[in-house]
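I am attaching a structure below and will ask some questions about it afterwards.
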Amino acid sequence: MSYSKQTTFEERLSAQAEAKRALLAKLKPKPTVTASEPINRDAEREAKRETLRLERLAEKEKQREARALREAAAREAQLAAEQVVLEAKRAERKERKANEKMDAQSRRAERLAAYQSQAITDSL
């Protein structure tokens, strides 16, 4: 700072005091803005916890539903496989019975043919 040569001691002291006041005013804390309602942090935390709990509950419910669908699909697949096995057994049994019936008919026809041929030879 350059002071003009025509300043007195008192003028310099007052300028110094004024500069000091300006500096102190700049450093002085400004008044804070107070909220009209106090912030309830506990309620905010509780609300966050509640939303998180609901999200987790929804996720668990989705997982349960997905598991139930998988289990139902597995049961249906197992039932379908058992049905295929039963159908195969029934078809095999029908075929075996048909073969047994044809064998019995052919044996009966052979017996009848044998009796008829014996009866023809006896009558001669």
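The values are calculated or read from the model by the stated rules, or taken from the named source; none is laboratory data. Here the structure is a predicted model, which means the values were calculated and not measured. As a convention, Cβ positions derive from the backbone with ideal geometry for all residues, glycine included, and neighbour counts pool all protein chains shown.
Test residue 91 against the stated conditions and say whether it is at pLDDT below 95 and surrounded by 10 or more Cβ atoms within 10 Å (Cβ to Cβ).
no
So which of 122, 103 is exposed (fewer than 10 other Cβ atoms within 10 Å of the Cβ) and among the acidic types (Asp, Glu)?
None of the other options fit; the residue is 122.
Follow-up question, since we're still on this one. Restricting the search to segment 1-59, which residues are surrounded by 10 or more Cβ atoms within 10 Å (Cβ to Cβ) and outside any helix (DSSP H, G or I)?
The answer is 7, 40.
What pairs come out if I take residues in segment 91-106 that are in contact (Cβ under 8 Å) with a residue 24 or more places away in the chain and pair them with residues that are outside any helix (DSSP H, G or I) and of a type in the set (A, V, I, L, M) whose C-beta lies under 6 Å away, six or more apart or interchain?
Note: no pairs meet the criteria.
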